[in-house]
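The values are calculated or read from the model by the stated rules, or taken from the named source; none is laboratory data. Small disclaimer: the values here were computed from a predicted structure and weren't measured. When we count neighbours, we look across all protein chains shown, and the Cβ atoms used for this are built from the backbone with ideal geometry, even at glycine.
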Amino acid sequence: MRGKPTYKIEFVEGLAREPASGRRELEPTEIVVALCRPSEPAVSEQRSVLMGLLSDEERQRLTRFHFERDRVLFLVAHALLRITLSRYANIDPRAWQFRTGSYGRPEIADPRSRLRFSLSHTRGLAACAIVLDRDIGLDVEHISRDVPLDVAESSFSSRERSDILGASATVRAKLFLEYWTLKEAYIKARGVGMSLPLDQFSFCKDPGGVWRIVLEQPLCDDPERWQFWSWQVSRNHQVALAIGHAGDP
């Protein structure tokens, strides 16, 4: 197998729209991770502008949320995705149309594009990641001091559970979230949803500090085709990214 590509990962923040003259194509080994806090579009006029970017179906989904904070988070996340895609394509943010796969993974339906994306949001943060022609998964979670050991027991491999239980109290919560976000990013990139048993694959760092996946059982995948990253992007948020490179089955 050929060596894995070296990716350049760029973080961008906010909802500023790129003028048409400033748009550019994404490079084959470039990944963009866009972040936005839902408190940013506080002015009603700005919310109206963002609402105008959404499709009718997205606006209907937004109205189903009971709490205002959830409506704002949904609005920010989906507007952020449209704006970010249009930074790297000569497409108006309102023109993107999406579909979902058989396991619920969203993807671009129209116009035809080489761009692939993953969208995630949690309390206090919306995020999306885009890349060309690659399987991609992104997960963001709010950091809590509490470690739900029942989740680790049911969803983590024996290796990961042992790592968490053996860690000090101060490290345990961080380690749990690293594992959880990496698992979520991977299954989102695979596009098969929760049909993939979470306890049948593990994450660990190699001697160089790079995250690797270890398949505990045959999962119809090659672990060598994947690259993973994990960051704490604020005091309150952990992010993980998964990319499947050339040689995808």
List the strands (runs of 3 or more DSSP E) inside the stretch 99-138, counting only whole elements, that have at least 1 residues being in the same structural domain as S86 (by TED's automatic domain parsing) and acidic (D, E).
106-110
Test each condition in (1) of a type outside the set (S, T, Y); (2) crowded, with 21+ Cβ neighbours inside 10 Å; (3) within 27 Å of L182 (Cβ to Cβ) for R116 and report the one that comes out false.
(2)
Considering only the stretch 181-202, I want to know if a residue exists there that is part of a strand (DSSP E or B), closer than 28 Å to T29 by Cα and free of Cβ contacts under 8 Å to residues at least 60 places away in the same chain.
yes
Of the candidates S157, S86, the one satisfying the condition of being on the phi < 0 side of the Ramachandran plot and under 19 Å from the mean Cα position of the chain (by Cα) is S86
Restricted to the stretch 203-213, and to residues that are among the hydrophobic types (A, V, I, L, M, F, W, C) and in a strand (DSSP E or B), which residue is farthest from the chain's Cα centre (by Cα)?
C204
Would you mention how many residues in the stretch 214-249 are out of contact with any Phe, Trp or Tyr (no Cβ under 8 Å at 6 or more places or on another chain), part of a strand (DSSP E or B) and within 20 Å of V151 (Cβ to Cβ)?
2
